[in-house]
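The structure appears below as structure tokens.
Every number here is computed from the coordinates shown, using simple stated rules; none is lab data. Quick caveat, the model's predicted, so the values are computed rather than measured. Cβ coordinates were reconstructed from backbone atoms using ideal geometry, including for glycine residues, and neighbour counts include every protein chain displayed.
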Amino acid sequence: MTKALLIDPNTQSISQVELDQGLESIQALIGQISIDSDEVGQDGDRLFFDEACFIRATAASKRFKLDTLPPVAGIGVVVGQQADGTLKDVLVSPETLQGRVRFS
């Protein structure tokens with residue numbers, strides 16, 4: 001099991017989750033099969049999100065902004081990733097991540 005953090009703009013919450021099937025688990029949490037990611041730390045943590053969230057978003061869509069990345073509509077998952085693409089436990093704590101996320 002790989003530890004990750006789920007960012008939910010609908011509930012404005014960040015919670016710890018466990019991934020048991022790698023990218024398939026991330027796709028299930030996000031609710032889309034087309035996902036993208038951005039680096040969000042020097043330690044290998046990455047934010048995974050719906051690749052088409054900017055297209056699918058409506059005026060009523062809840063969003064979150066992490067650091068200086070563009071606002072993301074929908075669920076995000078932060079998890080560590082090794083150089084070979086293998087997922088690893090997230091290193092940032094939920095409390096630290098909460099201080100870096102803004103909900104809208």
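Okay, residues lined up against (1) more than 12 Å from the chain's Cα centre (by Cα); (2) within 14 Å of Arg100 (Cα to Cα):
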residue	(1), (2)
Ile7	no, yes
Gln12	yes, yes
Gln21	yes, no
Gln27	no, no
Gly44	yes, no
Arg56	yes, no
Gly80	no, no
Ala83	yes, no
Leu87	yes, no
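Residue check: Ser93 meets all listed conditions (1) closer than 12 Å to Ile14 by Cβ; (2) in contact with a Lys or Arg (Cβ under 7 Å, 6 or more places away or on another chain) but one, namely (2). Within the set Phe64, Phe103, Phe54, the sole residue that is surrounded by fewer than 20 Cβ atoms within 10 Å (Cβ to Cβ), in contact (Cβ under 8 Å) with a residue 40 or more places away in the chain and of a type in the set (Phe, Trp, Tyr) turns out to be Phe103.
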